[in-house]
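Report on one structure; see the data block that follows.
The values are calculated or read from the model by the stated rules, or taken from the named source; none is laboratory data. Quick caveat: nothing in here was measured; it's all calculated off a predicted structure. Here Cβ is always computed from backbone atoms with ideal geometry, including for glycine, and neighbour counts include all displayed protein chains.
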Amino acid sequence: MKGAFEAPFLFWWQKAPTRAGSRGSAEPSLAFGTKVPGFPLSRERRWWCDRLGDDIRAIDDSKARLRLESSIAPWRWAACAPRPKLRRLSRSQGPCVSPPHVLHYSAFTDRPEGGNPAGVVLDASGMATADMQALATRLGYSESIFVQPGEAGAFDVRYFSPLDEVPFCGHATIAGAVALAQRDGPGTLRFRTRAGLVEVVTAREDAGIGATLTSVAPHVLPALPPGLLDLALTRLRWSADELDPALPPAIAYAGARHLILAAATRERLARLDYDFAGLKALTQAHELATVALVWRVSEHAFAARNPFPAGGVVEDPATGAAAAAFGAYLRALGAVQAPTDLHIVQGEDMGRPSQLRVHIPAAGPIRVSGRAVPIPAPAQAG
């Protein structure tokens, strides 16, 4: 999809005079989404900011100012955060740190044009929560992962959508693990997430490096909250007779909660035109990460789509956390004979085909496997 990932945030250092009698007090002119020509400053004037987003600060040394341009990928998320303000930072307020190095990966694919993109920061030490949220917002990917060295050989990991922090994200976990494997070599990683400890095994494959995550302990709710199904169908603009009676609606968890709805036909799954604001309110009220829409292709193959309005995203091209939850759901329902493996195809209807492999043991956590490949950074807005 051409132009899907526009420039998320770009820095320019630009010489500019301050107003007479207002040294250090002139407020920079910040035009949201407007190009600003830049000129590099001398080395001694290149002081970097120590905050991003709402905490971005700029240093004005009478002739220098920082400008920032922001834009979003409109097909990825529907709500735009307020543009940040620049605040003065004096030398007395302490040293500034360099902006984080951001890697860009697409997970559950071996081609850059497929899969689900994620921003990856392998050393997020020193980044505040506001920094991480602001960066994830500017990137506009459905989630970005922030990795920090932890204790006992584990990594402390956090995930952010464009709008909020999430407890766990499967595709960003795969992306982050592959990025670490490309830097340090394949092996076993331990990610300490808000949902719990997640083990990820990376290995070299014919088409690159693959990763397998082992979910936290999954569970399936015994029944839906009253009224949830009717309201969800209304928000999706589905009718009850378009559901597959062999796969009844349920909420499943394997690091994040997902409402699972099975379509009776592939045609029903292909038509996705829902009430964004209404479904967002519904998922937030019931603490749902996404709505997992599935259609059974064969005994061990499924097609899937995942609206993610709670994160500001119309649709997720690949959702590893939902795949793990779905595996737990099928086992609890008795719809598969465990142990077994599933193949889930997602993202086809939005032009970003993704391949997810799910291993369902007889009991315990679910394993989800996939590849990830580096992708170009979002192109500078022209």
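Some values worked out for this structure:
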{"read-out": "Boolean, residue 158 is assigned to a strand (DSSP E or B), at pLDDT 95 or above and surrounded by 23 or more Cβ atoms within 10 Å (Cβ to Cβ)", "value": "yes"}
{"read-out": "Restricting the stretch 283-293 to residues that are surrounded by 22 or more Cβ atoms within 10 Å (Cβ to Cβ) and not in a loop (DSSP other than H, G, I, E, B), the residue that is nearest to the chain's Cα centre (by Cα)", "value": "290"}
{"read-out": "Residue 207, sole failed condition from (1) under 30 Å from residue 128 (Cα atoms); (2) at pLDDT below 95", "value": "(1)"}
{"read-out": "Close pairs (6 angstrom Cβ cut-off, 6 or more residues apart or separate chains): under 17 Å from residue 208 (Cβ atoms) in the stretch 356-376, of a type in the set (S, T, N, Q) and outside any loop (DSSP other than H, G, I, E, B) anywhere", "value": "357/369; 369/212; 373/106; 375/106"}
{"read-out": "Some residue of the stretch 328-342 being under 24 Å from residue 266 (Cβ atoms), outside any loop (DSSP other than H, G, I, E, B), touching a helix residue (DSSP H, G or I) at 6+ places or on another chain (Cβ under 8 Å) and assigned by TED's automatic domain parsing to the domain that holds residue 303", "value": "yes"}
{"read-out": "Residue ID - surrounded by the fewest Cβ atoms within 10 Å (Cβ to Cβ), chosen from residues in the stretch 263-282 that are in a loop (DSSP other than H, G, I, E, B) and under 23 Å from the mean Cα position of the chain (by Cα)", "value": "273"}
{"read-out": "The stretch 125-150, subset free of Cβ contacts under 8 Å to residues at least 60 places away in the same chain and within 16 Å of the chain's Cα centre (by Cα), residue surrounded by the fewest Cβ atoms within 10 Å (Cβ to Cβ)", "value": "129"}
{"read-out": "Any hit, the stretch 233-242, residues being of a type in the set (A, V, I, L, M, F, W, C), assigned by TED's automatic domain parsing to the domain that holds residue 268 and in contact with a Phe, Trp or Tyr (Cβ under 6 Å, 6 or more places away or on another chain)", "value": "yes"}
